[in-house]
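Notes for the one structure printed next.
The values are calculated or read from the model by the stated rules, or taken from the named source; none is laboratory data. Worth saying up front: this structure is predicted, and the values here are computed from it rather than measured. FYI the Cβ positions are ideal-geometry reconstructions off the backbone, even for glycines, and counts take in every protein chain you see. To get the accessible areas, we keep the full protein, side chains included, count just its heavy atoms, and leave off ligands, DNA and RNA. Shrake-Rupley method; radii C 1.70, N 1.55, O 1.52, S 1.80 Å.
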Amino acid sequence: MAYQTMASEQVATMNEAKVTKVIASCPHCFHTIQNEYPQFGGNYEVIHHSQLISHLLSAGKLKVDQPSDKKFTYHDSCYIGRWNGVYDAPRQILENATRGKGSVQELGRNKEHGFCCGAGGARMWMEEHKSKRVNVNRVKEVVDSGAQAVGVACPFCHTMLSDGLKHFGKDEEIAVVDIAVAIA
(Lines give C-alpha, C1' and ligand atoms only; values in the text may rest on other atoms or scores of the structure.)
Protein backbone atom coordinates (compact mmCIF):
# COMPACT_ATOMS: atom_id res chain seq x y z
CA MET A 1 0.00 0.00 0.00
CA ALA A 2 2.82 2.45 0.76
CA TYR A 3 4.22 2.07 -2.77
CA GLN A 4 0.82 2.69 -4.40
CA THR A 5 0.27 5.79 -2.29
CA MET A 6 3.73 7.18 -2.99
CA ALA A 7 3.55 6.39 -6.71
CA SER A 8 0.12 8.01 -7.00
CA GLU A 9 1.35 11.15 -5.24
CA GLN A 10 4.51 11.30 -7.34
CA VAL A 11 2.56 10.90 -10.60
CA ALA A 12 0.08 13.59 -9.51
CA THR A 13 2.97 15.97 -8.78
CA MET A 14 4.67 15.22 -12.11
CA ASN A 15 1.42 15.58 -14.04
CA GLU A 16 0.66 18.86 -12.31
CA ALA A 17 4.10 20.09 -13.40
CA LYS A 18 3.28 18.91 -16.95
CA VAL A 19 6.26 16.56 -17.11
CA THR A 20 6.51 14.78 -20.46
CA LYS A 21 10.07 13.46 -20.43
CA VAL A 22 12.21 12.00 -17.65
CA ILE A 23 15.96 11.36 -17.82
CA ALA A 24 17.00 8.87 -15.15
CA SER A 25 20.52 8.04 -14.03
CA CYS A 26 19.20 5.33 -11.72
CA PRO A 27 18.14 2.14 -13.55
CA HIS A 28 15.61 1.37 -10.81
CA CYS A 29 13.93 4.76 -11.28
CA PHE A 30 14.13 4.32 -15.06
CA HIS A 31 12.33 0.98 -14.78
CA THR A 32 9.72 2.18 -12.29
CA ILE A 33 8.80 5.41 -14.07
CA GLN A 34 8.73 3.74 -17.50
CA ASN A 35 6.97 0.49 -16.61
CA GLU A 36 5.01 1.04 -13.40
CA TYR A 37 3.95 4.70 -13.34
CA PRO A 38 1.62 4.29 -16.37
CA GLN A 39 -0.65 2.21 -14.05
CA PHE A 40 -1.05 5.39 -11.97
CA GLY A 41 -1.61 7.74 -14.93
CA GLY A 42 2.05 8.66 -15.39
CA ASN A 43 2.78 8.32 -19.09
CA TYR A 44 6.16 9.85 -19.81
CA GLU A 45 8.98 9.38 -22.26
CA VAL A 46 11.67 7.87 -20.05
CA ILE A 47 15.31 7.85 -21.09
CA HIS A 48 18.21 6.34 -19.19
CA HIS A 49 21.19 8.69 -19.09
CA SER A 50 23.24 6.13 -21.02
CA GLN A 51 20.83 6.47 -23.94
CA LEU A 52 21.04 10.27 -23.87
CA ILE A 53 24.83 10.36 -23.63
CA SER A 54 25.18 7.78 -26.41
CA HIS A 55 22.83 9.81 -28.62
CA LEU A 56 24.78 13.02 -27.96
CA LEU A 57 28.08 11.29 -28.79
CA SER A 58 26.65 9.78 -32.00
CA ALA A 59 25.21 13.15 -33.06
CA GLY A 60 28.57 14.85 -32.49
CA LYS A 61 27.10 17.15 -29.84
CA LEU A 62 29.34 15.66 -27.19
CA LYS A 63 32.99 14.78 -27.69
CA VAL A 64 35.62 13.03 -25.61
CA ASP A 65 38.77 15.16 -25.64
CA GLN A 66 41.16 12.66 -24.08
CA PRO A 67 40.14 9.01 -24.37
CA SER A 68 41.35 6.76 -21.58
CA ASP A 69 44.14 4.26 -22.15
CA LYS A 70 42.66 1.97 -19.49
CA LYS A 71 41.35 -1.46 -20.37
CA PHE A 72 37.64 -1.36 -19.49
CA THR A 73 34.93 -3.90 -18.94
CA TYR A 74 31.25 -3.15 -18.40
CA HIS A 75 28.85 -4.47 -15.78
CA ASP A 76 25.25 -4.68 -17.01
CA SER A 77 22.76 -3.33 -14.51
CA CYS A 78 19.73 -5.60 -14.18
CA TYR A 79 17.20 -2.82 -14.53
CA ILE A 80 18.56 -1.26 -17.70
CA GLY A 81 19.86 -4.52 -19.12
CA ARG A 82 17.80 -7.65 -18.56
CA TRP A 83 14.64 -5.84 -17.47
CA ASN A 84 14.60 -3.18 -20.21
CA GLY A 85 16.96 -4.34 -22.97
CA VAL A 86 19.37 -1.38 -22.93
CA TYR A 87 22.72 -2.96 -23.79
CA ASP A 88 24.36 -0.98 -26.57
CA ALA A 89 24.26 2.60 -25.25
CA PRO A 90 26.58 2.05 -22.25
CA ARG A 91 29.05 0.11 -24.38
CA GLN A 92 29.06 2.82 -27.06
CA ILE A 93 29.86 5.39 -24.39
CA LEU A 94 32.80 3.35 -23.12
CA GLU A 95 34.09 2.83 -26.66
CA ASN A 96 34.03 6.62 -27.09
CA ALA A 97 35.65 7.13 -23.68
CA THR A 98 38.50 4.76 -24.55
CA ARG A 99 40.47 4.10 -27.72
CA GLY A 100 37.46 2.58 -29.51
CA LYS A 101 36.61 -0.94 -30.65
CA GLY A 102 38.44 -3.57 -28.65
CA SER A 103 39.12 -1.25 -25.71
CA VAL A 104 36.13 -2.63 -23.84
CA GLN A 105 36.04 -6.34 -23.19
CA GLU A 106 32.99 -8.29 -22.17
CA LEU A 107 32.68 -10.22 -18.94
CA GLY A 108 31.66 -13.85 -19.33
CA ARG A 109 28.16 -13.14 -18.04
CA ASN A 110 26.88 -10.14 -19.97
CA LYS A 111 23.87 -8.55 -21.63
CA GLU A 112 20.76 -10.75 -21.31
CA HIS A 113 22.88 -13.27 -19.40
CA GLY A 114 24.43 -10.64 -17.14
CA PHE A 115 25.03 -11.22 -13.46
CA CYS A 116 23.50 -8.92 -10.88
CA CYS A 117 25.61 -7.04 -8.36
CA GLY A 118 22.92 -7.72 -5.75
CA ALA A 119 21.76 -4.19 -4.94
CA GLY A 120 18.57 -4.44 -7.01
CA GLY A 121 17.55 -7.26 -4.71
CA ALA A 122 18.32 -5.07 -1.68
CA ARG A 123 21.48 -6.99 -0.83
CA MET A 124 23.18 -3.67 -0.27
CA TRP A 125 21.43 -3.55 3.10
CA MET A 126 21.77 -7.24 4.01
CA GLU A 127 24.50 -8.99 5.93
CA GLU A 128 25.79 -11.94 3.96
CA HIS A 129 28.50 -14.49 4.47
CA LYS A 130 31.64 -13.09 2.86
CA SER A 131 32.23 -16.17 0.71
CA LYS A 132 28.67 -16.05 -0.70
CA ARG A 133 28.25 -12.34 -1.37
CA VAL A 134 26.82 -11.65 -4.81
CA ASN A 135 28.99 -8.61 -5.44
CA VAL A 136 32.13 -10.55 -4.50
CA ASN A 137 31.12 -13.25 -6.98
CA ARG A 138 30.69 -10.62 -9.70
CA VAL A 139 33.87 -8.74 -8.86
CA LYS A 140 35.88 -11.95 -9.12
CA GLU A 141 34.93 -11.94 -12.83
CA VAL A 142 36.07 -8.31 -13.12
CA VAL A 143 39.39 -9.08 -11.43
CA ASP A 144 39.93 -12.20 -13.54
CA SER A 145 39.23 -10.22 -16.75
CA GLY A 146 42.39 -8.16 -16.29
CA ALA A 147 40.42 -4.92 -16.66
CA GLN A 148 41.82 -1.75 -15.15
CA ALA A 149 38.36 -0.22 -14.85
CA VAL A 150 34.76 -1.40 -14.78
CA GLY A 151 32.10 0.87 -16.23
CA VAL A 152 28.72 1.04 -14.52
CA ALA A 153 25.47 2.86 -15.27
CA CYS A 154 23.89 2.55 -11.83
CA PRO A 155 24.76 4.13 -8.47
CA PHE A 156 23.87 0.90 -6.61
CA CYS A 157 26.17 -1.16 -8.86
CA HIS A 158 28.92 1.41 -8.28
CA THR A 159 28.69 0.87 -4.51
CA MET A 160 28.39 -2.91 -4.72
CA LEU A 161 31.33 -3.33 -7.10
CA SER A 162 33.48 -0.87 -5.14
CA ASP A 163 32.81 -2.88 -1.97
CA GLY A 164 33.58 -6.13 -3.80
CA LEU A 165 36.92 -4.76 -5.01
CA LYS A 166 37.82 -3.86 -1.41
CA HIS A 167 37.14 -7.50 -0.47
CA PHE A 168 39.86 -8.56 -2.93
CA GLY A 169 42.16 -5.66 -2.03
CA LYS A 170 41.91 -4.44 -5.63
CA ASP A 171 40.18 -1.11 -5.01
CA GLU A 172 43.44 0.78 -5.69
CA GLU A 173 44.13 -1.16 -8.93
CA ILE A 174 40.70 -1.36 -10.57
CA ALA A 175 38.51 1.72 -10.83
CA VAL A 176 34.71 1.63 -10.77
CA VAL A 177 33.64 4.37 -13.16
CA ASP A 178 30.17 5.66 -13.93
CA ILE A 179 29.84 5.83 -17.70
CA ALA A 180 28.89 9.52 -17.46
CA VAL A 181 32.18 10.22 -15.70
CA ALA A 182 34.17 8.06 -18.14
CA ILE A 183 33.63 10.58 -20.93
CA ALA A 184 34.60 13.62 -18.82
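Any idea which residue in region 157-183 is farthest from residue 138 (Cα to Cα), counting only those that are in a loop (DSSP other than H, G, I, E, B) and either open to solvent by less than 30 Å² (accessible area, probe 1.4 Å) or touching a Lys or Arg at 6+ places or on another chain (Cβ under 9 Å) (or both)? Top of the filtered list is 183.
Where helices (runs of 4 or more DSSP H) fall entirely within region 1-103, those with at least 3 residues that are touching a residue at least 24 places away in the same chain (Cβ under 8 Å) and touching a helix residue (DSSP H, G or I) at 6+ places or on another chain (Cβ under 8 Å) are at 2-16, 49-58, 88-97. Would you pick out the residues in region 113-156 that are modelled with pLDDT of 90 or more and open to solvent by 70 Å² or more (accessible area, probe 1.4 Å)? Within region 113-156, 140, 144, 148 meet the criteria. Taking the criterion of being in contact with a strand residue (DSSP E or B) (Cβ under 8 Å, 6 or more places away or on another chain), hydrophobic (A, V, I, L, M, F, W, C) and open to solvent by 70 Å² or more (accessible area, probe 1.4 Å), would at least one residue in region 60-80 satisfy it? No, region 60-80 contains no residue that is in contact with a strand residue (DSSP E or B) (Cβ under 8 Å, 6 or more places away or on another chain), hydrophobic (A, V, I, L, M, F, W, C) and open to solvent by 70 Å² or more (accessible area, probe 1.4 Å).
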